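See structure below.
Every read-out reported here was derived from the displayed coordinates using simple, explicitly stated rules and does not represent laboratory data. From a predicted model like this one, the values you see are computed outputs, not experimental measurements. Cβ coordinates were reconstructed from backbone atoms using ideal geometry, including for glycine residues, and neighbour counts include every protein chain displayed.
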Amino acid sequence: MIDTRGHNCLRYGMEVNLTDDQKAFVREALESGRIQNAEDAVREAMLLWEDRQRRRIHILATVYTAEASLSRGEGRAVINREELGQLARDVKQRASSRFSASPDS
């Protein structure tokens with residue numbers, strides 16, 4: 001639980017209460033030397049959470065862009081394995097054409 005009394009928790013710091021299992025996990029990491037202090041564990045957990053949220057936002061934005069493209073009549077809807085296979089073949093063909101047309105080849 002995070003103490004948000006007064007809604008000034010970001011300005012004045014936070015108190016984070018861990019479950020007994022989480023405390024044991026942190027204790028094991030401290031004893032093994034994987035982390036130097038409990039704050040390191042919280043910091044690492046926050047970095048992982050932030051990264052996961054950024055990836056989630058990116059995925060949602062990509063889905064939104066694809067749905068908007070399809071609703072404008074752009075793109076191509078794939079609804080079965082046969083269409084998926086054809087799409088894969090088309091993508092490979094376009095990539096092959098671009099690669100063979102590049103000046104570096």
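For segment 15-105, the list of GluC sites (Glu not before Pro) that fall in a loop by DSSP and count at most 15 other C-beta atoms within 10 angstrom reads 15, 74. Computed from backbone phi, the HN-Hα couplings of segment 68-77 come to 5, 4, 5, 5, 7, x, 8, x, 8, 7 Hz, rounded to whole numbers (Karplus: 6.51 cos²θ - 1.76 cosθ + 1.60, θ = phi - 60°; Gly and Pro given as x).
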